[in-house]
Amino acid sequence: MMASKPRMIAINLIVADPNIQPRAAMSPEVVADYASDPDALPAIDVFEEGVQFIIGDGFHRHAGYVAASRTEVPCSVHKGGRRAAALFALAANARHGLRRSSADKRRAIEKMLRDDEWRHWTDHRIADHCHVDPKTVRNQRAELESTGEIPPAEERTGSDGRRISVAGNGRVSSGENPQKPAHSDHARNETDTPATTVVEVLDGDTIESIREEYEERQAIQDDIPDEEWVKQFPLHSELQNHALRNFHSAAILFRAIEPHRRTFAHHATRVMNARRGRRDNEYEYRIKSFLSLPDPSQWLKCVAPEHGGCGGIGCVPGLSTCPECHGRGFRIPHGGQRRSRLSGGSG
């Protein structure tokens, strides 16, 4: 946001709105320090609204000038009025001035979440603006929604303007992403020349937008309780009784371990890549097998009895335990296998 060159403005025209002031509390010690040497202070950021100038950044400096009985103060003047000043204030003091406390950060986040417009920003966009961790925004949003202090924002807007629906599983709202062109048999020429593959080169902003969208969806998933989370997988409706309990227990364990497995995968992959050209040993093979375990959406109901399994009940006639699934009622395929290949015989 561009501002004009600092100029002197009468202090009685400057408005220090307490509803815009972003801190949980002003510091009398800082005000006294600023008042002792006001000439050393940088210009205050203000937003022009009629004949008044609304402070966006510099509340302690303004109080210091008042304490020093100054009648004019240097100001960097922005356009936009009171609302622009409020938004500007929420991003202020992250890198200069009195260091923000946890209460200051919470106040900034809460102001955005209580606003009818800014509440519909994604957690990452709010976090970027307030210079805080996205998890802090997510937790504070969940807290305010759970107490009914703010309504849920079922659609949120990212930094690039794309809207993300979070009413269900956090997928991007229909119509917001470019649609793939319909394929046509006429798209090929008479010689049936293979189509040229077009690789889209993504710039930094697009990659950041994709990351934000993915992390927003992942955060929504993380907030779902275990007992609700397991219901989204196909096996929840395919299994019953003992087998269903087995699946729930294993899936919830997978969920608890998965963040640590991803961290381990990052380090293990780096080490194994350094060994390129060498022959895999048994230990490395088992590590790769562990890292390639599919998530519960790819786990399979045990094949039908005519195919040597139990059909998802955990046992077969004449045997107490199904040899195919070891009594679980379902199988976890090796990495790379998919339900479309293996579910045909699941009975």
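Rule-based calculations on the coordinates, nothing more; no lab input. Since the model is a prediction, treat every value here as computed from it, not as a measurement. Positions of Cβ are backbone-derived with ideal geometry, glycine not excepted, and every protein chain shown enters the neighbour counts.
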Anything in region 282-313 that is surrounded by fewer than 22 Cβ atoms within 10 Å (Cβ to Cβ) and of a type in the set (D, E, K, R)? List them, or say none.
E282, E284, R286, K288, D295, E306
Test for A32: is it of a type in the set (G, A, S) and either in contact with a helix residue (DSSP H, G or I) (Cβ under 6 Å, 6 or more places away or on another chain) or not in a loop (DSSP other than H, G, I, E, B) (or both):
yes
If I go through region 53-104 residue by residue, how many of them are surrounded by 15 or more Cβ atoms within 10 Å (Cβ to Cβ), out of contact with any Leu (no Cβ under 9 Å at 6 or more places or on another chain) and β-branched (V, I, T)?
4
Return yes or no: is Y34 surrounded by 19 or more Cβ atoms within 10 Å (Cβ to Cβ), touching a strand residue (DSSP E or B) at 6+ places or on another chain (Cβ under 6 Å) and in contact (Cβ under 8 Å) with a residue 24 or more places away in the chain?
no
Which of the residues spanning region 235-248 are surrounded by 12 or more Cβ atoms within 10 Å (Cβ to Cβ) and either without any contact (Cβ under 8 Å) to a residue 24 or more places away in the chain or in contact with a strand residue (DSSP E or B) (Cβ under 8 Å, 6 or more places away or on another chain) (or both)?
L235, H236, E238, L239, A243, R245, N246, F247, H248
Those residues of region 150-162 which are in contact with a Lys or Arg (Cβ under 7 Å, 6 or more places away or on another chain) and either acidic (D, E) or in a loop (DSSP other than H, G, I, E, B) (or both), in sequence order:
I150, A153, E155, G158, S159
State all residues of region 58-96 that are within 33 Å of the chain's Cα centre (by Cα), within 18 Å of Y34 (Cβ to Cβ) and among the hydrophobic types (A, V, I, L, M, F, W, C); if no residue qualifies, say none.
F59, A89, A92
